[in-house]
Protein chains: 2
Amino acid sequence: MNEIVPGVQTTSALSQAGPPEMDDGPLQAGPAQVDSGLSPSIRVELICIGTELLLGQIVDTNSIWISQELAGLGINCHFQSKVGDNLDRIVLAIRTALARSDAVIICGGLGPTQDDITREAICVVANVDLVPDPEIARIIEEKFTSKSRVMPINNLRQAEVPRGAVTILPELGTAPGLALTIGRKRLYCVPGVPSEMKEMTKRYVFPDLVEYSGTSSVIASRTLRTWGVSESRLSELVAPFYEELEEETRGTTLAFLASGIEGIRLRLTTKGPSIEETTTILDAYEVKLRSILGTLVFGVDDKGMEDALAELLLGQAKTIALAESVTCGLVAARLSRVPGISQTLKGALVAYDPMVKFSLLGVAPGPVVTHDCAREMAVGARRLFDSTVGLAITGVAGPDSLEGVPPGCVFVGFAFNDQRVETTQLQLPGDRLAVQELAAISAMDFARKMLNE
Amino acid sequence: MNEIVPGVQTTSALSQAGPPEMDDGPLQAGPAQVDSGLSPSIRVELICIGTELLLGQIVDTNSIWISQELAGLGINCHFQSKVGDNLDRIVLAIRTALARSDAVIICGGLGPTQDDITREAICVVANVDLVPDPEIARIIEEKFTSKSRVMPINNLRQAEVPRGAVTILPELGTAPGLALTIGRKRLYCVPGVPSEMKEMTKRYVFPDLVEYSGTSSVIASRTLRTWGVSESRLSELVAPFYEELEEETRGTTLAFLASGIEGIRLRLTTKGPSIEETTTILDAYEVKLRSILGTLVFGVDDKGMEDALAELLLGQAKTIALAESVTCGLVAARLSRVPGISQTLKGALVAYDPMVKFSLLGVAPGPVVTHDCAREMAVGARRLFDSTVGLAITGVAGPDSLEGVPPGCVFVGFAFNDQRVETTQLQLPGDRLAVQELAAISAMDFARKMLNE
């Protein structure tokens with residue numbers, strides 16, 4: 001079921017890393033199975049509501065995010081389902097989920113429109129009626145008046161609450177979340193808008209679930225992101241670390257997670273009586289892992305390769321300019337996502353036509369998929385934009401060869417002041433778009449390593 | 001449940017377009033509900049198998065693709081679920097699905113490893129045993145020997161078939177698919193590898209489903225992609241077209257589909273006795289819709305805005321150069337996805353630092369988020385790269401204002417030879433990344449319209 005874009009790392013081994021009984025916990029990798037007793041025994045199930053999901057019109061990123069967070073908390077999620085905006089079928093989906101799981105998280109259908117009927121479905125399942133909540137109504141009206149907007153009257157639908165349910169006040173949107181107990185099962189409803197969903201689950205649902213699961217300790221995770229080696233090589237490197245984990249008694253685990261073309265993540269999960277204590281444990285293991293992996297680690301948690309490079313450049317007060325051929329602006333576009341990048345990024349020349357390399361970058365006429373061309377492009381970018389660092393990428397994205405060079409062959413050049421120029425050659429797998437994206441990440445990684453030396 | 005980035009069009013109204021009973025068919029929009037009798041009455045359900053899905057480690061693109069295909073065929077899909085590699089839970093998921101739907105498509109768990117247990121689960125549900133299929137065994141062995149590879153013995157697990165099931169021979173991988181009837185319900189299993197799944201569903205599952213549904217006619221769709229107007233405005237424009245559809249007897253439908261930030265799609269679906277006939281019908285309606293919508297339509301089916309612009313440039317034998325500030329290389333990167341683009345794209349200057357605009361593009365020093373700056377950048381790009389067309393984008397991505405101009409304000413400049421320079425101003429919604437992406441599409445759209453005049 002993988003749409004993992006072919007990467008520098010082979011990730012296909014991942015699904016074979018754990019034996020069947022490892023189901024529903026983070027995949028364990030490496031020589032030792034470090035099973036931890038981290039997982040509270042409750043089983044949570046997820047229902048995403050919206051006809052647009054069943055029609056394949058939008059990608060359900062919510063369930064991916066919630067899945068990852070639950071796995072990080074060590075909470076089992078055995079089933080996930082999607083259902084359209086239809087009362088009978090939503091009711092059936094909720095009943096099915098409550099019958100086989102201890103807690104159910106419902107995403108979506110809490111908005112103000114006619115087809116937002118999650119509230120009504122809960123009333124049917126819980127056999128209660130909807131009651132207006134004046135406090136919620138006041139908050140929703142305030143959200144509109146504070147923006148000098150007239151509130152459409154149907155927004156007050158969101159202030160109706162199944163009797164007995166706790167409302168989770170909205171901090172971002174206008175839709176409140178809901179939490180209630182049916183029989184001995186917990187049921188949560190959160191909005192389908194990803195930002196609202198994330199804020200509400202982090203603030204209310206996950207802490208409540210952990211409490212409900214009877215776990216009194218704090219479970220915390222930290223993810224180290226790596227680039228440039230295969231999963232099997234990483235596994236070899238961390239083998240001694242695994243042995244150490246096996247001997248410790250807290251039940252700290254290390255899991256390998258693929259992240260598409262963005263490299264392999266190593267997630268440490270531990271538990272302890274307080275956040276301070278789990279932070280201390282994770283800090284210590286992070287230091288150990290970093291001492292093993294060195295510069296293979298480019299970031300922690302949500303930090304991408306562009307964040308890693310930008311942070312180094314900003315920290316060293318250096319400016320950068322790019323000369324992009326095969327990546328055609330991708331490196332510039334990725335760097336520009338980083339807030340504050342204007343302090344370091346001067347600009348980029350996308351030299352798609354080889355003539356542009358000769359005329360604007362001062363590359364000597366001749367073949368353009370070579371070490372020499374990458375070197376001259378990097379020097380040319382520095383000169384053109386008057387920056388400290390010049391980074392250049394030239395290569396063949398495919399599908400056709402160029403100058404007799406096959407698709408996937410990429411050269412990266414790095415120039416620093418007038419003192420130093422380095423190049424590297426890569427052979428990248430995949431189609432045109434994959435080669436471009438892998439080349440962009442690899443080029444940023446090369447610059448990061450050069451700046452770290 | 002939307003990860004729809006805020007767009008020029010408000011897409012939030014989409015879920016309000018159809019009344020609740022329109023669930024699970026394409027969303028109907030506009031004044032007339034054109035319900036068609038296109039949909040065979042069978043209800044198909046989808047189960048995706050794999051613990052990695054429940055852990056959020058990979059994006060389930062299979063269910064998106066199958067959903068879209070089923071919707072295109074007019075076949076209802078009311079439920080979708082994901083379950084891990086656990087026998088009891090897979091059995092439960094299949095039984096639940098068979099109880100509430102007429103046909104079930106299972107994706108994944110057909111491979112050779114220990115955790116591929118879909119075959120075993122089907123045996124439990126159908127109350128049959130697994131029998132070796134010598135023909136399949138021979139085919140699998142041949143696939144290995146033809147590549148001079150030694151077959152790992154566990155690959156023969158794939159040659160075991162639940163008694164009574166029809167095997168769907170694999171054309172791409174080694175895992176055969178399965179089809180069987182349980183009670184009066186149809187059950188299909190296809191591999192989880194997307195390429196194998198797509199090949200097998202198109203070749204066997206969808207035709208079999210259509211036959212099972214009792215529909216003998218061909219169902220065909222065509223999607224027109226639009227940019228630049230809201231869904232409600234589109235709805236007004238096509239109102240007379242809807243009336244016409246209502247009067248025709250073939251049951252042709254028109255549905256509005258959001259496509260994230262990439263504009264609104266209008267999908268025509270019709271049926272007829274043959275592909276030739278449905279093509280004739282769709283051709284005629286496409287002409288009518290285009291006569292109403294004019295240049296609002298930028299492409300058909302999978303063609304993106306970069307394809308539309310590239311096609312025009314290539315058709316007119318014109319070259320293009322870009323000067324990007326707020327979009328920081330995004331337009332270049334998108335254009336570079338189009339095969340053959342090197343015939344028209346000369347290059348791009350990413351002028352992130354305002355000084356670069358002055359020094360390399362010849363922009364007069366002063367404010368850089370203005371009509372004048374966009375005009376001078378477009379002219380400068382043409383001159384720098386010696387191209388027919390210059391396209392420039394300057395603006396504020398946010399989160400902070402720039403030169404007193406708020407985030408989302410973007411100017412686009414278009415220069416053609418020495419004869420003509422045009423600019424336009426946009427106010428785009430959303431966060432930093434959304435403004436950048438919307439600006440990139442809007443700029444390509446502006447160039448497309450200018451080239452069409």
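What to note about this one:
- Odd one out for residue B:350, checked against (1) without any contact (Cβ under 8 Å) to a residue 24 or more places away in the chain; (2) aliphatic (A, V, I, L, M); (3) within 18 Å of residue A:335 (Cβ to Cβ): (1)
- Verdict on residue B:144 being aromatic (Phe, Trp, Tyr), surrounded by 14 or more Cβ atoms within 10 Å (Cβ to Cβ) and either closer than 25 Å to residue B:93 by Cα or under 28 Å from the mean Cα position of the chain (by Cα) (or both): no
- Hits in region A:362-388 (condition: buried (at least 24 other Cβ atoms within 10 Å of the Cβ), outside any loop (DSSP other than H, G, I, E, B) and either within 14 Å of chain B (Cβ to nearest Cβ) or of a type in the set (D, E, K, R) (or both)): A:376, A:377, A:380, A:381, A:382, A:385
- Among the conditions (1) part of a helix (DSSP H, G or I); (2) under 27 Å from residue A:274 (Cβ atoms), the only one that residue A:233 does not satisfy is (2).
- Test: residue A:273 is touching a Ser or Thr at 6+ places or on another chain (Cβ under 8 Å) and either in the same structural domain as residue A:58 (by TED's automatic domain parsing) or under 30 Å from residue A:121 (Cα atoms) (or both): no
- Residue B:328 satisfies every condition listed in (1) within 18 Å of residue A:353 (Cα to Cα); (2) at the interface with chain A (Cβ under 7 Å from one of its Cβ atoms); (3) touching a Gly at 6+ places or on another chain (Cβ under 8 Å) except (1).
- Per-region count, region A:37-81, residues of a type in the set (D, E, K, R) and more than 7 Å from chain B (Cβ to nearest Cβ): 3
- Residue within region A:135-155 that is assigned to a helix (DSSP H, G or I) and in contact with a strand residue (DSSP E or B) (Cβ under 7 Å, 6 or more places away or on another chain) present: yes
- The set of residues from region A:98-118 being buried (at least 24 other Cβ atoms within 10 Å of the Cβ), at the interface with another protein chain (Cβ under 10 Å from one of its Cβ atoms) and modelled with pLDDT of 90 or more comprises A:107, A:108, A:109.
- Residue in region A:420-434 that is closer than 20 Å to residue A:225 by Cα, free of Cβ contacts under 8 Å to residues at least 60 places away in the same chain and under 28 Å from the mean Cα position of the chain (by Cα) present: no
- Checked against (1) in contact with a Gly (Cβ under 6 Å, 6 or more places away or on another chain); (2) at pLDDT below 75; (3) crowded, with 21+ Cβ neighbours inside 10 Å, residue A:25 meets all criteria but (1).
- Selection of region B:191-201 for residues being surrounded by fewer than 21 Cβ atoms within 10 Å (Cβ to Cβ) and touching a residue at least 40 places away in the same chain (Cβ under 8 Å) yields B:194, B:198.
- Taken over region A:389-404, the criterion of being buried (at least 24 other Cβ atoms within 10 Å of the Cβ) and either over 18 Å from residue B:340 (Cβ atoms) or aromatic (Phe, Trp, Tyr) (or both) is satisfied by A:389, A:390, A:391, A:392, A:393, A:394.
- As a summary of the residue check, residue A:253 satisfies the conditions (1) away from chain B (no Cβ under 14 Å); (2) surrounded by 15 or more Cβ atoms within 10 Å (Cβ to Cβ) except for the one numbered (1).
- Residue within region A:214-225 that is hydrophobic (A, V, I, L, M, F, W, C), without any contact (Cβ under 8 Å) to a residue 60 or more places away in the chain and buried (at least 18 other Cβ atoms within 10 Å of the Cβ) present: no
The values are calculated or read from the model by the stated rules, or taken from the named source; none is laboratory data. Only a predicted model underlies this, so the values are computations on that prediction, with no experimental measurement involved. We place every Cβ from the backbone using ideal geometry, glycine too, and count neighbours over all the protein chains shown.
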